[in-house]
4 protein chains.
Amino acid sequence: MSPKMSAAPLRVTVWSEGRHEQQDAQVARLYPQGIHGAVAEGVRLNLGDEVRVRTATLDEPEHGLTEEVLADTDVLTWWGHIAHHEVSDEVVDRVHRHVMAGMGLIVLHSGHWSKIFTRLMGTTCTLRWRAERDRELVWTVDPAHPIAAGVPHPIVIDEQEMYGEFFDIPAPDELVFISSFSGGEVFRSGCTFRRGHGRIFYFSPGDQDYPVYHHPDVRRVIANAVTWAAPAAERRTPRLVHSETSWFEGEGVRS
Amino acid sequence: MSPKMSAAPLRVTVWSEGRHEQQDAQVARLYPQGIHGAVAEGVRLNLGDEVRVRTATLDEPEHGLTEEVLADTDVLTWWGHIAHHEVSDEVVDRVHRHVMAGMGLIVLHSGHWSKIFTRLMGTTCTLRWRAERDRELVWTVDPAHPIAAGVPHPIVIDEQEMYGEFFDIPAPDELVFISSFSGGEVFRSGCTFRRGHGRIFYFSPGDQDYPVYHHPDVRRVIANAVTWAAPAAERRTPRLVHSETSWFEGEGVRS
Amino acid sequence: MSPKMSAAPLRVTVWSEGRHEQQDAQVARLYPQGIHGAVAEGVRLNLGDEVRVRTATLDEPEHGLTEEVLADTDVLTWWGHIAHHEVSDEVVDRVHRHVMAGMGLIVLHSGHWSKIFTRLMGTTCTLRWRAERDRELVWTVDPAHPIAAGVPHPIVIDEQEMYGEFFDIPAPDELVFISSFSGGEVFRSGCTFRRGHGRIFYFSPGDQDYPVYHHPDVRRVIANAVTWAAPAAERRTPRLVHSETSWFEGEGVRS
Amino acid sequence: MSPKMSAAPLRVTVWSEGRHEQQDAQVARLYPQGIHGAVAEGVRLNLGDEVRVRTATLDEPEHGLTEEVLADTDVLTWWGHIAHHEVSDEVVDRVHRHVMAGMGLIVLHSGHWSKIFTRLMGTTCTLRWRAERDRELVWTVDPAHPIAAGVPHPIVIDEQEMYGEFFDIPAPDELVFISSFSGGEVFRSGCTFRRGHGRIFYFSPGDQDYPVYHHPDVRRVIANAVTWAAPAAERRTPRLVHSETSWFEGEGVRS
């Protein structure tokens, strides 16, 4: 039975760095519960009883991402910006291992340059940017995709940091959204990737200096992505398998 | 609210040509309720209350696929073989229109050469074949895909018609299964495609001369595909849109 | 030996409808040699001795696309707009057959709604549009792609018709360019598709009312696409193959 | 002018570990010039004056892959097996950086578990295997791809190590070949990936214990891949770009 079909709620962990909120009064005003708090609230409001949401941040022991927490997480969301380098390699290894085994991962905005995202992508994940209050329009280019369900075309975000191409990522498995900005730039703002047994969604809207994570359509996209990224099967790590001829004809065929 | 999340069951229409069963006693013995009957049974057994399944066949008026039936169908499954040319162009146009608007479509086995599939693909959909009781092994190459949930790796089908490459289809959006046959041939046996707002899954196992649609793993895949192909949003036909500058800033942004 | 590596020049046929130029003095001024003339000139200027270019138009017998012409064509470029319906189904069938067998096809701008393109795509190929002299910026999102070689990032087109999403095409095999417009719309403006043995490139810039086909960067892209779309092997039509067990061990293995 | 079109030959560096040949007399008999020697010979025989080929191995200073060598390399081929862990991280970083900037990379057989490949993929790159002299059949599933030009369908390799699914890689950008083995296993044996500005081809046939790199069709594929992977533009590293509004309207637009 897949987790999606079971009665048990999806277990979601919303992670963010949590530093801007401590250091910058303006960010603290926009996100009094932290960016993680705003993201978590959006997931809860959209998915209700279908999810059980907790939050974790950089300054907790092991960044709040112990083996126990990850083993108890179906989908992890990730926001970081100024302290990517402070995330310990051990925790990055652990998150990577869980993604390989099937944990879903939603990477938000400046998380494009996090250790975990660049490791999963294998590229530089660099991009073009400008912080000048551009208007961002988020257009759906895959209207059959469940992540795009229920959002306007386009989503209008009145003020945003600009993220533009060339965004150095592998070609996404599915391109769901493309954004434009006041300055004329474009960005592949909603992209899916599968790595190992895990499903990954990168979504670029959102910044510490704008109230983007309070935007109802942005919240809806993140909630849709949580549902989409939930594993469809038991967690299992890909591994090297030595295989005898016709091994599959025995009892072990399902394992 | 997406149909997937609602309490209402998915509306599934299982279509097959229904001719071999009338003309060939051996096929009638294998499929006493018709191929459509066996496929429908497999969907019901796997999905229970989550679906409401009906069947339709070529010899019914309008092949059982009236505008009313299609408007009341979330996912259509299609099996045909010796009578593709008898399917009326009008019904093919109608099915195509509903796929464009978001109806899911599961095309099975020899349906690769149906009018509706070749029209959606734009290619010849030709392949290599042999009816010599090959063993087919169906290997999962996308274990994170919900269509592959819960099936062994590989699925073992003891006797099957061989379908081999080159299969002249567009590169699938997602390749879920690859099969091998006793003779050494390979085949992209589980492929997803999105066309318009509709999600399409092609699955090659299954033939009138072998009891493949009674195979529990084959049935599980078809049931998984039904769930996957269900539309995530209201049905809506893509259309040419003339657009004023900044039209999206008005009230109409969600329509 | 592939045609690309041979000393013989690529055989290019540039097709356009040729009607606006006859009916509208402004178009005739912009394109005194016809749109086909401007496209052909751009290919010749960029590729020189590597190509042998001819043109053909709707009003010629068989639209200038006889069996002999197509058999002598490595890559066909296509522009049409107000007379798609006048293209005979017989010629569309013929072009389709040659694409299946390996002929390259470059579809330009309003060719998105031509019979040949919609048949190859299997979708409605509808889009959003506006003719209000928007500025178009064409951004490269696949800088490793040979079609993007040598063009600025972005290409700036001062005045253009707007083409916007949702563009109802299958997900392209490769997305090379994304455009933005003054109004904030985005468009997947450079897309590759493989169908049968043929390689297809859709490129949206270009309109009868603007001098886009005189733009050096637009011409460079079309020339790059001609080189990319040239068949790598002898032309051969995909076909249904009945195959004996171990047929491939015999002499015929290469055929 | 792209390097592909220029008169200058492609600069190819063929790298292999070079250890089995020193340690195992049977391997030394199969590959008296080393595996790198056999691969290099195949590239030279197929491409002649179009290439300038050099070799490098693990035991050379900096593994023969100095900054100077890589800066003078258009395409690097990679074979390793028992000493992946001996490749220095510094050299892996260097190769990675050059791939990001546009250097082509061909990864062969057991190179699937090399540091450079797993880093570029972001996954475990694990697979199923067996060394029991299976026959491998390599089927073309993308006959329009230049890497498949001129090879039989299937390529027959009489004796080979078995590599089977699940192969834990990202979904390839293009799937060119699928192999089957005597035991019934299948493998995505020819896969393209773009990472940064670089083009990557993974090709699984080839092993130290079988004379696979003397097989003319295997050599043809590797040579085709070298041509395909050659950069189409000047080498350039993706980087974070801070961008003023309308920066692209100035002189710098091409840089």
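Since every read-out is calculated from the coordinates, none of them should be taken as a lab result. Computed from a predicted structure; not experimentally measured. Here the Cβ is made from the backbone with ideal geometry for all residues, glycine too, and neighbour counts use every protein chain on show.
Only Lys, Arg, Asp and Glu carry charge here, each on its Cβ (+1 for the first two, -1 for the last two); on that basis segment C:51-97 has a dipole of about 260 debye about its Cα centre. For chain D, the longest principal axis of the C-alpha atoms and the axis of helix D:34-47 are separated by about 60°.
Taking a sphere under 14 Å around the Cβ of B:Asp24 and counting the other residues whose Cβ falls inside, with K and R at +1 and D and E at -1, yields a net charge of -2. Taking chain C as a Gaussian network of alpha-carbon nodes connected by springs under 10 Å, the highest mean-square fluctuation of the residues C:Gly64, C:Gly18, C:Gly48 belongs to C:Gly48. Taking a ≥ b ≥ c as the square roots of the Cα gyration tensor eigenvalues, segment B:17-117 comes out oblate, since a/c reaches at least 1.5 and a/b does not exceed b/c. Relative to the other identical copies, B:Asp89 shows label-point distances of 0.4, 6.7, 6.7 nm, where the label point lies 7 Å from Cα along the Cβ direction and values run shortest first.
Would you mind checking the tilt of helix D:89-101 against the longest principal axis of the Cα atoms of chain D, expressed as 0 to 90 degrees and rounded to 10? The angle comes out at about 60 degrees. Taking 16 Å as the cut-off, the amide N atoms of segment B:211-239 that come nearer than this to a point 7 Å along the Cα-to-beta-carbon line of B:Arg29 belong to B:211-212. Listing B:Arg195, C:Arg239 from fewest to most neighbouring C-beta atoms within 10 Å gives C:Arg239, B:Arg195. Bridges between two residues of segment B:108-255, per DSSP, are antiparallel at a rate of about 95%.
Placing unit charges on the Cβ atoms only, positive for Lys and Arg and negative for Asp and Glu, gives segment D:148-195 a dipole magnitude near 280 debye about its Cα centre. Rounded to whole numbers, the Karplus 3J(HN,Hα) couplings from phi for segment A:164-178 are x, 7, 8, 9, 8, 10, x, 3, x, 4, 9, 9, 9, 10, 10 Hz, using 6.51 cos²θ - 1.76 cosθ + 1.60 with θ = phi - 60°, and x at Gly and Pro.
Here the relative contact order of chain B, from alpha carbon pairs under 8 Å that lie six or more residues apart, stands at 23 percent. What separates the Cα centres of segment C:72-129 and segment D:16-41 is a distance of 51 Å. Computed from backbone phi, the HN-Hα couplings of segment C:233-247 come to 8, 4, 5, 7, 7, x, 8, 5, 10, 8, 10, 6, 4, 6, 3 Hz, rounded to whole numbers (Karplus: 6.51 cos²θ - 1.76 cosθ + 1.60, θ = phi - 60°; Gly and Pro given as x).
Only beta bridges with both residues in chain C are counted; by DSSP, about 55 percent of them are antiparallel.
Near B:Ser243: Cβ cut-off under 10 Å, other residues only, Lys/Arg at +1 and Asp/Glu at -1. The net charge is -1. From the alpha carbon centroid of segment D:194-219 to that of segment B:172-206 is 26 Å.
Helix-only arithmetic for chain C: the sum of -39500 (n - 2.57) across DSSP H runs with n ≥ 4, divided by the residue total, places the mean residue ellipticity at 222 nm at -7000 deg cm²/dmol. Between B:Pro146, B:Pro211, B:Pro61, find the one with the highest GNM mean-square fluctuation for chain B; connect C-alpha pairs within less than 10 Å. Of B:Pro146, B:Pro211, B:Pro61, the Gaussian network model singles out B:Pro61 as fluctuating most. How tilted is helix B:216-229 with respect to the longest principal axis of chain B? Cα atoms for both, answer in degrees (0 to 90, nearest 10). The helix B:216-229 is inclined about 10 degrees to chain B. Shape of the protein assembly as shown from its Cα gyration tensor (a ≥ b ≥ c, root eigenvalues): rounded if a/c is under 1.5, otherwise prolate when a/b > b/c, or oblate? The shape class here is rounded.
Take D:Ala8, move 7 Å from Cα toward the beta carbon, and the resulting point lies 3.1, 6.0, 6.5 nm from the same point in each other copy, nearest first.
If you take every DSSP beta bridge whose two residues both sit in the protein assembly as shown, what share of them, in percent to the nearest 5, is antiparallel?
50
Highest GNM mean-square fluctuation among D:Val226, D:Val12, D:Val141, for chain D modelled with Cα contacts below 10 Å: D:Val141.
Inter-chain Cβ neighbour count for C:133-143, averaged per residue, equals 5 (cutoff 10 Å, partner chain atoms only). Is segment C:79-176 rounded, prolate or oblate when judged by the Cα gyration tensor, a ≥ b ≥ c being the square roots of its eigenvalues, rounded requiring a/c under 1.5 and prolate requiring a/b larger than b/c? In terms of gyration-tensor shape, oblate.
Rounded to the nearest 20 debye, the dipole size of the protein assembly as shown about its Cα centre is 0 debye, using +1 on the Cβ of Lys and Arg and -1 on the Cβ of Asp and Glu.
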